[in-house]
Structures are given as C-alpha cells and as structure tokens.
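The values are calculated or read from the model by the stated rules, or taken from the named source; none is laboratory data. Keep in mind that this is a model prediction, so the values were computed, not measured. Quick reminder, even Gly has a Cβ in these numbers, built from the backbone with ideal geometry, and neighbours come from all protein chains shown. Quick note on the areas: whole protein, heavy atoms, side chains included, nothing else; ligands and nucleic acids left out. Shrake-Rupley method; radii C 1.70, N 1.55, O 1.52, S 1.80 Å.
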Amino acid sequence: MARTQAADYDERKEAIVDTAAALFALEGYSGASVADLAKRGKFSKSLIYHYYQSKDDILFDVMISHVRALEDAAKEATAGAEPPARKLRELAHRFMALYVGAADRHKVLLNDLDHLPKARRNEIVAVQRRLIETVQKLLVEIEPALKRKSGASFAAAMLFFGAINWTNTWFNPKGPVSAGALAEMAVDWTLGGVRKAAE
C-alpha cells in the first residue's frame, strides 16, 4: 500500500526552500551545508533528506521556483490585447515585484547557477531563454525596424534585463524610488535606446 502524503507536505517543503534561499543568498551555496540549513530552519536533517536527496536538489528547487514564477508573470503580462509597450511595462512591474519579494531566490539564481549539474542547469537556462525571447518579441512589435539589424533585438532585450536583473545588489525597497518607479524607468530607458538603435 502506498504511503499517504502528509497534509502539510507542500508547506514543509516550501519552508525548506525558503530557508535554503535565505541561507545560500547569505553564505553562498558552497559555504552552506545541510547541517547549516537544518540549524537555520530548526529542521532535523532527517526531515530535509525526507524531501531532498541532496543539497543540489534543494538548490535546483530554489532556482526553478523563481524562474517559473517569472515565466508565469511574463505570460500574464503579455496575455490580452494591450499594446506591446503596455505589456512590456506590465512585465517590468511584475518582474520587479518578484525581484523584491523573492530577493534571496533571485540572488541565488544570479550567483550559483554554475553549481547545478549540467542537465538541471540547462533546464533553468531554457526558461531564461524563453523570457528573453518574450521581451525580444515585444521589442520588435514596438519597433519593427529592429528586425533589419542583425542581433539588435537580442541586444536590446539583454540590455532591458541588465537594467533590472542586478537591482538586488543596490535597490532599497524602502528608499525614495519605488520598485514600480524603477520598472517604469527601465522601460523608458529601453524604449529610448531601441528607437535610437532602429534609426
């Protein structure tokens, strides 16, 4: 007879991932052990190993949960009949909200991707590429002339991500500039640059 899953299975697993994200963001993946994770989260090591076979598995869940949330946000932002520029702004707002609300996961994604085994790293990278393609598509819809210059839409999309991806290193959500204002600024800069590049 198969074992039944505990009613709080998902909550416990999410607590492990949340705690791991905070620990890896603070100490770095290499500098943190499963024992450190157990201590920080007040879990037993046996509980952690009930959910995960290895520390690599935990790292993967920290990252894949974040990029999937970004992908869901991108799909929601680009659905419907809004103009492409409006969709880009909505996407930027949703991404900044996730960068602030899941800052630990975002930092781990940026700093520790190379610690994953190749197959799992490729799974994360595949989602990231789809996100880049989504932004490229919007930018070409906004400025069709980008199609005439080889590599221009990709470069513009990467500059957009460059404007927001590393905000976790300096942005203060309680400071004078809100996450929403920063999202608007990133889009304004991107669109200004895109129009100039398309000339």
Report, ordered by the first and then the second residue, all pairs with beta carbons closer than 9 Å, sequence separation of six or more or different chains, a first member in segment 131-143 that is under 14 Å from Phe161 (Cβ atoms), and a second member that is in a helix (DSSP H, G or I) and acidic (Asp, Glu).
Leu131/Glu71; Thr134/Glu71
Segment 151-167 residues that are free of Cβ contacts under 8 Å to residues at least 40 places away in the same chain and farther than 24 Å from Asn111 by Cβ, paired with ones that are of a type outside the set (A, V, I, L, M, F, W, C) and assigned to a helix (DSSP H, G or I) (beta carbon under 6 Å, 6 or more apart)
Ser153/Gln136
I need a count of the residues in segment 119-140 that are open to solvent by 80 Å² or more (accessible area, probe 1.4 Å) and farther than 19 Å from Ser65 by Cβ.
2
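Give the residues of segment 106-118 that are open to solvent by less than 80 Å² (accessible area, probe 1.4 Å), part of a helix (DSSP H, G or I) and more than 24 Å from Arg94 (Cα to Cα), sorted by residue number. Let's see the steps before the verdict.
The first filter runs over segment 106-118 and keeps only residues open to solvent by less than 80 Å² (accessible area, probe 1.4 Å), leaving 106-110, 112-113, 115-117.
Those still in the list that are part of a helix (DSSP H, G or I) too: 106-110, 112-113, 115.
Residue satisfying the conditions is His115 alone.
Can you find a residue that is in a loop (DSSP other than H, G, I, E, B) and at negative phi anywhere in segment 121-144? Explain how you work it out, then say what you get.
So the first thing to find is which residues in segment 121-144 are in a loop (DSSP other than H, G, I, E, B), and the list is 143.
Filter once more, so that each one left must be at negative phi: 143.
The answer is yes; a qualifying residue exists.
One line per residue, one yes/no per condition, for (1) closer than 28 Å to Ala156 by Cα; (2) touching a helix residue (DSSP H, G or I) at 6+ places or on another chain (Cβ under 7 Å); (3) touching a residue at least 24 places away in the same chain (Cβ under 8 Å):
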site: Ala38; (1), (2), (3): no, yes, no
site: Ile64; (1), (2), (3): yes, yes, yes
site: Tyr99; (1), (2), (3): yes, yes, yes
site: Asn111; (1), (2), (3): yes, no, yes
Hits in segment 8-33 (condition: under 16 Å from His50 (Cβ atoms) and either surrounded by 20 or more Cβ atoms within 10 Å (Cβ to Cβ) or at pLDDT 95 or above (or both)):
Ile16, Val17, Thr19, Ala20
Leu59, sole failed condition from (1) assigned to a helix (DSSP H, G or I); (2) open to solvent by 30 Å² or more (accessible area, probe 1.4 Å)
(2)
Checked segment 153-199 for anything modelled with pLDDT under 90, more than 17 Å from Leu138 (Cβ to Cβ), assigned to a helix (DSSP H, G or I) and in contact with a helix residue (DSSP H, G or I) (Cβ under 9 Å, 6 or more places away or on another chain); matches are Asn168, Thr169
